[in-house]
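Scroll down for the structure; my scribbles are underneath it.
The values are calculated or read from the model by the stated rules, or taken from the named source; none is laboratory data. Everything numeric in this text was worked out from a predicted model, so none of it was measured. With ideal geometry, Cβ positions are generated from the backbone for all residues, glycine too; neighbour counts draw on all protein chains shown.
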Amino acid sequence: MRNTTTTLRQRATLALGLVGVLGIGSVGTLAQGAVPYNLKPGKPYAGTKLKFLICCATAGQFAQMIKLTGPGGEFEKLTGITVQWENTPYESLQQKILIEATTGSTYDAVGWVDSWGEAFKQYMVPLNDRIKADKVNLAEYPKAYIEAASDKDGNIVGMPFRGHPLVLFYRKDVFSKLNLTPPKTWQEVVKDAKTIQQKEPKLTGLSTMYKVSAGQNLFSWVSLLWGNGGDILDKQGHAAFNSPKGTQATQTYIDFIRKDKITSPAATTFAEPEASTEFKQGRAAMWVGWWWYYAQFSDPKAVSGDVLNNVGFAPAPGWAGGTTANYALIWPLGIFKTSKNKDAAWEFIKYVSSNGVQAKVAANRSIPAEADNTIVTFTGMNDPKVNAANGGIPKVGAAALKTARALPQVKTWAEIQSVLEIGINKMATGAAVKATLDQMATDVDAIQKRAGLYQ
């Protein structure tokens, strides 16, 4: 009995450590015999083997969760369910999800990048009733994450699983030496970058990316656009980014390289890897990027000696006199309508999206290669243990996510993104801003009209 039954003392200890494990706020202590993470008692789906369509098994968060949900893992011990994680290459995952969704998938659960979702959300199980029945507190998750995981009719078809806010990384030693404080607006970024380049001529003030590469040159651009009151599309689905406010925001973004010269001239050829390397190798004093780069920037094998232990971070900047509304990227996790194991799949989703599991994974640095500060619940982002394990960046991410937004949820996004990122690159390399934006808007409107999204 001692090997199979939790003692009362063990149960009490477990209960005290599980405040918030429902994914979702404080739940008090667990009743005797209760199952953590809001899972169903009695293992009603024991023996079920779920198939999960996903990529990137080497990502630290995923590597840990594979162990937790596979044979012999905590999830199997609690439910009797095991999960087979597919390791599809990221480059082919979007196409595979679309094929599986439209041809009758044999997978049960699937994770996707937010901007892909509109093409196949209709093939996902609406989760609203399940969320209500299990009293999942959606306020635990950033609003942008829930919006990106919902369809046009308001059905939530995915729970937040892996998410990233944009943060400003900066050199603490340089800022301290020059008596600078982390900039809160893009206008302050320009001012500080110019000061840095004047006082420290070997440094570029800001590393940016303007290359055409999976939409990466849009990340900072949408921050300026939204912050200044502009938008990508209006409520009718028409292009809106060439409005006066959109043009002003875009001009500011392009001026970083063409007028202000606060970034490397080679930034027109930089995507995320190259731009982050400029910061890692000590050639740039600031970079705006995803918070998961914290692990790389604190790795002595990945950064130069002058960067190691000198990396600070703050919420990504907003617009002076406007707002702060940066892009929040989320991987929702949903259930295919063709799944024969929908109830068991929901147990899996509750488990991996719960605050208890998310926080446990984010705080675990026992295996350096699997350390990952990624977490999707506000409770976890503000948890002292999670922050102690990750240098305090989770709290900074939580602050950034309070006002963050998701990209437009339209089925034409892949085509629109192509127009936008090519246009950004053209402007960065010399094309006139207003004329280029107007042509981009014409092209986007043609895409939307062809798709029947407006008349």
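Which members of segment 259-268 meet the condition of being in a helix (DSSP H, G or I) and buried (at least 18 other Cβ atoms within 10 Å of the Cβ)?
Just the residues of segment 259-268 that are in a helix (DSSP H, G or I), to begin with: 265-268.
Once the filter is applied, which keeps residues that are in a helix (DSSP H, G or I) and buried (at least 18 other Cβ atoms within 10 Å of the Cβ), segment 259-268 yields ALA267, THR268.
Say we look at segment 444-455 and pick out the residues that are in contact (Cβ under 8 Å) with a residue 60 or more places away in the chain and surrounded by fewer than 19 Cβ atoms within 10 Å (Cβ to Cβ); which of these is farthest from LYS235 (Cα to Cα)? Spell out the reasoning first.
In the first step, residues of segment 444-455 are kept if they are in contact (Cβ under 8 Å) with a residue 60 or more places away in the chain; the result is 444-445, 448, 453-454.
Among the residues that remain, those that are also surrounded by fewer than 19 Cβ atoms within 10 Å (Cβ to Cβ) are: 445, 453-454.
Details: ASP445: 13, LEU453: 11, TYR454: 10 Å.
Checked segment 444-455; the qualifying residue farthest from LYS235 (Cα to Cα) is ASP445.
Look at segment 269-288 and say how many of its residues are touching a helix residue (DSSP H, G or I) at 6+ places or on another chain (Cβ under 7 Å) and assigned to a loop (DSSP other than H, G, I, E, B).
The qualifying residues number 2.
Look through ALA271, ALA320, ALA285 and report the one residue that is crowded, with 22+ Cβ neighbours inside 10 Å and of a type in the set (Gly, Ala, Ser). Break it down stepwise before answering.
Numbers: ALA271 fails: crowded, with 22+ Cβ neighbours inside 10 Å; ALA320 fails: crowded, with 22+ Cβ neighbours inside 10 Å.
Testing whether each residue is crowded, with 22+ Cβ neighbours inside 10 Å and of a type in the set (Gly, Ala, Ser) leaves just ALA285.
Of the numbered conditions (1) touching a residue at least 24 places away in the same chain (Cβ under 8 Å); (2) among the polar types (S, T, N, Q); (3) out of contact with any strand residue (DSSP E or B) (no Cβ under 9 Å at 6 or more places or on another chain), ASN382 satisfies every one except a single condition; which is it?
All conditions are met except number (1).
Within segment 91-111, restricting attention to residues that are of a type in the set (Val, Ile, Thr) and free of Cβ contacts under 8 Å to residues at least 60 places away in the same chain, which residue is surrounded by the fewest Cβ atoms within 10 Å (Cβ to Cβ)?
If we filter segment 91-111 for residues that are of a type in the set (Val, Ile, Thr), which is where we start, we get 97, 99, 102-103, 106, 110.
So of that shortlist, the ones also free of Cβ contacts under 8 Å to residues at least 60 places away in the same chain come out as 97, 99, 102-103.
Details: ILE97: 26, ILE99: 12, THR102: 12, THR103: 10.
This residue is THR103.
How many of the residues in segment 37-75 are at positive phi and either outside the structural domain of ASP134 (by TED's automatic domain parsing) or exposed (fewer than 15 other Cβ atoms within 10 Å of the Cβ) (or both)? Working first, answer last.
Narrowing segment 37-75 to residues at positive phi: 37-38, 42-43, 47, 56, 72.
Subset that is either outside the structural domain of ASP134 (by TED's automatic domain parsing) or exposed (fewer than 15 other Cβ atoms within 10 Å of the Cβ) (or both): 42, 47, 72.
Adding up the residues that qualify gives 3.
Restricting attention to segment 139-150, which residues are more than 14 Å from GLY117 (Cα to Cα) and in a loop (DSSP other than H, G, I, E, B)?
Passing the criteria: TYR141, PRO142.
Which residue out of ARG130, ARG162 is closer than 23 Å to VAL361 by Cα and out of contact with any His (no Cβ under 9 Å at 6 or more places or on another chain)? Please lay out each step first, then the result.
Working: ARG130 fails: closer than 23 Å to VAL361 by Cα.
Sole residue among the options that is closer than 23 Å to VAL361 by Cα and out of contact with any His (no Cβ under 9 Å at 6 or more places or on another chain): ARG162.
Among the residues of segment 227-250, are any free of Cβ contacts under 8 Å to residues at least 40 places away in the same chain, in the same structural domain as ALA428 (by TED's automatic domain parsing) and buried (at least 23 other Cβ atoms within 10 Å of the Cβ)?
Taking every residue of segment 227-250 in turn, none turns out to be free of Cβ contacts under 8 Å to residues at least 40 places away in the same chain, in the same structural domain as ALA428 (by TED's automatic domain parsing) and buried (at least 23 other Cβ atoms within 10 Å of the Cβ).
Look through segment 132-147, keep the residues that are touching a residue at least 12 places away in the same chain (Cβ under 8 Å) and over 21 Å from the mean Cα position of the chain (by Cα), and return whichever of them is surrounded by the fewest Cβ atoms within 10 Å (Cβ to Cβ).
So the residue we want is LYS135.
Need the failing condition index for VAL410 against (1) among the β-branched types (Val, Ile, Thr); (2) farther than 21 Å from GLU118 by Cα; (3) outside any helix (DSSP H, G or I), just the number.
Checking VAL410 against (1) among the β-branched types (Val, Ile, Thr); (2) farther than 21 Å from GLU118 by Cα; (3) outside any helix (DSSP H, G or I), the one that fails is (2).
From the list VAL136, VAL110, exactly one residue is touching a Leu at 6+ places or on another chain (Cβ under 9 Å), assigned by TED's automatic domain parsing to the domain that holds PHE336 and assigned to a strand (DSSP E or B). Which is it? Give the derivation first.
Numbers: VAL136 fails: assigned to a strand (DSSP E or B).
That would be VAL110, the only listed residue that is touching a Leu at 6+ places or on another chain (Cβ under 9 Å), assigned by TED's automatic domain parsing to the domain that holds PHE336 and assigned to a strand (DSSP E or B).
Sort through ALA362, ALA400, ALA344, ALA328 and tell me the only one that's touching a residue at least 60 places away in the same chain (Cβ under 8 Å), touching a Ser or Thr at 6+ places or on another chain (Cβ under 6 Å) and outside any loop (DSSP other than H, G, I, E, B). Step through it out loud before you land on a result.
Working: ALA362 fails: touching a Ser or Thr at 6+ places or on another chain (Cβ under 6 Å); ALA400 fails: touching a Ser or Thr at 6+ places or on another chain (Cβ under 6 Å); ALA328 fails: touching a Ser or Thr at 6+ places or on another chain (Cβ under 6 Å).
One residue alone meets the criteria, ALA344.
From the residues in segment 196-214 that are crowded, with 19+ Cβ neighbours inside 10 Å and of a type in the set (Gly, Ala, Ser), which one is nearest to GLU272 (Cα to Cα)?
SER207
Which condition breaks for ALA432 when tested against (1) surrounded by 17 or more Cβ atoms within 10 Å (Cβ to Cβ); (2) within 20 Å of LEU224 (Cβ to Cβ)?
Exception for ALA432: condition (1).
From the set of residues in segment 325-342 that are over 20 Å from GLU100 (Cα atoms) and of a type outside the set (A, V, I, L, M), which is surrounded by the fewest Cβ atoms within 10 Å (Cβ to Cβ)?
Across segment 325-342, the extreme among qualifying residues is TYR327.
Being surrounded by 19 or more Cβ atoms within 10 Å (Cβ to Cβ) and of a type in the set (D, E, K, R) narrows it down to one of ASP129, ASP114, so name that one. Talk me through it step by step, then tell me what you get.
Values: ASP129 fails: surrounded by 19 or more Cβ atoms within 10 Å (Cβ to Cβ).
When all the criteria are applied, what remains is ASP114.
Does segment 232-252 contain any residue that is touching a Ser or Thr at 6+ places or on another chain (Cβ under 6 Å) and among the hydrophobic types (A, V, I, L, M, F, W, C)? Break it down into steps so the answer makes sense when it comes.
Step one: of segment 232-252, the residues touching a Ser or Thr at 6+ places or on another chain (Cβ under 6 Å) are none.
Checked segment 232-252: no residue is touching a Ser or Thr at 6+ places or on another chain (Cβ under 6 Å) and among the hydrophobic types (A, V, I, L, M, F, W, C).
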